[in-house]
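Rule-based calculations on the coordinates, nothing more; no lab input. Just so it is clear, the model here is predicted, and its values are computed rather than measured. Ideal geometry is used to build each Cβ from the backbone, glycine not excepted, and the neighbour counts take in all protein chains shown.
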Amino acid sequence: MKGIFGWPAIHTRQGDDSNLVPKVDNIFVDVGAKTKEEVLQMGIHVGCVITYEDEVMILNDTYYVGRALDNRIGGFCIAEVARLIRENHIDLPFSLYVVNSVQEEVGLRGAEMIAQTIKPHVAIVTDVTHDTNTPLLNKKKLGDVKCGEGPSVTYAPAVHNKLLDLIIATAEEHSIPFQREAASRRTGTDTDAFAYSNGGVPSALISLPLRYMHTTVEMAHQEDVNNVILLIYETLQKISAGHNFKYF
């Protein structure tokens, strides 16, 4: 029997149960040794870097489970979109760039450089978002998003409403399930970098619900992955040459 244990990356708690919260001073690594001498004989010392020897697996024929799915799985999704366009001989009336960025967590630097280099007219961004039905997460604070119920689209200052409406209309036309989120200031994703570049670029965010984000046991529902791919693929075919995204 296969199983996993994960800890949410966001903690919203009531009461004093701080002993349950993983911290630098209360976690340990079990290497199977009983004494310091045994540890040293194994070549382990202060300053060693450790990684988990784990592989991606499919849990209960439903979930992809593995480390660093955020956001390698986003790269997989856009690669699959490109594959479908090529194999189905889709002739898009515009140039399509499929890019995967770096340094999102330290200031969206990769997306910033991509935006300045390519100077896109439209940007559809995919990332992961928290499955807020994970234990200990507060849906009143974080919204209600759940694995297995489709990709999530975000309403935010950086998200262009006409592009978002096009994505939602496409989902409804093709019966692709989707969920909704709202952000008051920033999305925290590459969407922000694209939206505010080059005098403003119509941008939108399609997110994949993920459980246990930023841990070694991240989980994504297979159908959600398939629907992220399908939603981007179908939306691209709705954008015309010189598409007018002006509000007025």
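Per-structure values
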quantity	calculated
Antiparallel bridge percentage (DSSP; both residues within the chain; nearest 5)	45 percent
Label-point gap, in nm, between residue 155 and residue 121 - each point 7 angstrom along Cα→Cβ	2.9 nm
Percent of Cα pairs exceeding the 31 Å cut-off, where the set is the chain	32 percent
Virtual spin-label span in nm between residue 89 and residue 109, 7 Å along Cα→Cβ	4.5 nm
Helical segments meeting 24 Å axial Cα length and Kyte-Doolittle 0.0 threshold in the chain (DSSP H)	69-87
The chain: most fluctuating residue of 158, 82, 204 per GNM, C-alpha cutoff 10 Å	82
Of the GluC sites (Glu not before Pro) in segment 24-88, those whose Cβ has at most 13 other Cβ within 10 Å and which sit in DSSP loop	53, 55
Distance in nm between pseudo-label sites at residue 49 and residue 241 (7 Å out along the Cβ direction from Cα)	4.9 nm
Segment 96-203: chymotrypsin sites (Phe, Trp or Tyr not before Pro) falling in loop per DSSP and having at most 16 other Cβ within 10 Å	97
Cβ-based exposure ranking for 240, 175, in which fewest neighbours within 10 Å come first	175, 240
